[in-house]
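Every number in this text was worked out from the coordinates using simple rules, so none of it is lab data. Keep in mind it's a predicted model, so treat the numbers as computed, not measured. With ideal geometry, Cβ positions are generated from the backbone for all residues, glycine too; neighbour counts draw on all protein chains shown.
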Amino acid sequence: MTQPDPRTTTVTVRVPAKVNVQLAVGGRRPDGFHDLANVFLAVGLYDSVSATPADSPRLTASGPDTARIPLDDTNLAARAARLLAERHGLEPRVHLHIAKDIPVAGGMAGGSADAAGALLACDTLWGTRTPHDELLALCAELGSDVPFSLAGGAALGRGRGERLTPLATGGVFHWVFAVADGGLSTPDVYRECDRLREAAGLGATQDSVPEPEPDEQLLGALRAGDSAALAATLRNDLQPAAVSLRPALADTLEAGTAAGALAAVVSGSGPTCAFLVKDPETATRTAQALLASGTCRTARPTTGPAPGATVV
């Protein structure tokens with residue numbers, strides 16, 4: 001397999017953030033993971049990943065909080081390029097540049113988005129033409145949220161979240177995302193979820209926690225494009241753990257609700273908080289009120305669903 005002319009070729013892929021409109025968490029499995037019923041919605045905050053031929057692997061980044069991104073082989077985007085190259089018998093001679101706009105360590109799958117973007121960018125750059133199902137399988141090897149970052153739209157994730165079933169959406173949903181200072185470690189949040197369950201006497205293993213299932217009313221609200229019905233069914237089983245580790249999130253959630261949001265939820269493992277609102281005007285007012293409250297660093301209005309990883 002030949003690689004394209006290295007003199008001028010650059011491929012850029014835009015890839016979205018996500019919010020979990022339902023994150024139902026099962027008990028801890030023997031391997032330490034948790035089965036999920038994870039209803040993803042891609043939203044219009046994007047990272048861009050550019051791939052350019054290089055003599056050796058190289059990774060750079062620009063944008064907010066990039067000082068907190070590893071620029072070595074541990075970066076998920078670098079691992080994605082290496083995995084694709086190995087699959088096709090190539091050397092990963094590529095310069096990846098990540099232009100960040102998705103909050104770092106914010107519960108919006110920014111790292112997973114970068115991995116999906118790197119896979120698609122390198123596949124296009126190298127002309128490997130990997131079938132979509134195989135790209136999704138590679139995504140699943142990299143992480144639980146990576147397949148959805150490639151797919152976008154709305155989907156139900158089972159297993160660790162990597163087994164996707166696309167979901168229909170009947171309209172546009174308006175959101176505001178309040179970004180906190182600093183991040184939260186996803187493994188730490190899961191451990192705190194287990195600890196809180198054990199402290200409540202509920203148990204934390206598969207034997208004691210019911211198997212997670214999607215909420216049919218929530219799925220119906222997505223299909224209908226009904227923001228009020230979706231607001232009534234938003235659920236994140238990790239929210240108590242995120243608030244336990246970062247108590248100030250309770251003030252952020254309260255501030256957004258007081259400003260007129262239909263519902264508030266911690267996004268994924270946090271600490272970004274997501275506010276579902278009824279229209280663009282309410283989104284603008286809610287973002288302004290959140291900033292004025294001093295409970296978050298930035299507040300970003302946007303919409304969902306958004307397309308998955310796309311070559312631009």
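Across the chain, counting alpha-carbon atoms alone, Rg and Dmax equal 19.3, 63 Å. Each semi-axis of the equivalent ellipsoid for region 34-85 is √(5λ) with λ an eigenvalue of the Cα gyration tensor; in descending order they amount to 25, 16, 12 Å. Report, in degrees rounded to the nearest 10, the 0 to 90 angle that the Cα long axis of helix 132-142 makes with the longest principal axis of the chain. The two axes meet at around 70 degrees. So if I take the centroid of the Cα atoms in region 126-202 and the same for region 266-312, what is the distance between those two points in Å? Their Cα centres are 18 Å away from one another. Seen against the Cα atoms of the chain and their longest principal axis, helix 110-126 is set at about 20 degrees. Assuming a ≥ b ≥ c are the square roots of the Cα gyration tensor eigenvalues, decide whether region 149-199 counts as rounded (a/c under 1.5), prolate (otherwise, with a/b larger than b/c) or oblate. In terms of gyration-tensor shape, oblate. Protection proxy ranking of 165-174, 90-99, by the mean of other Cβ atoms within 10 Å over each peptide's residues and highest first, is 90-99, 165-174.
For region 1-98, taking Cα atoms only, Rg and Dmax work out to 17.1, 52 Å respectively. For the chain, the relative contact order comes to 26 percent (Cα pairs under 8 Å, sequence separation of at least 6).
Taking the longest Cα principal axis of the chain as reference, the axis of helix 249-258 is set at about 70 degrees. The Rg/Rh ratio for region 11-167 is 0.96, where Rg is the radius of gyration of the alpha carbons and Rh is the Kirkwood radius.
Semi-axes of the equivalent ellipsoid for region 173-303, computed as √(5λ) from the eigenvalues of its C-alpha gyration tensor and ordered from largest down, come to 27, 20, 10 Å. Put in line by how crowded their Cβ is, counting other Cβ atoms within 10 Å and starting with the fewest, K278, K100, K18 read K278, K100, K18.
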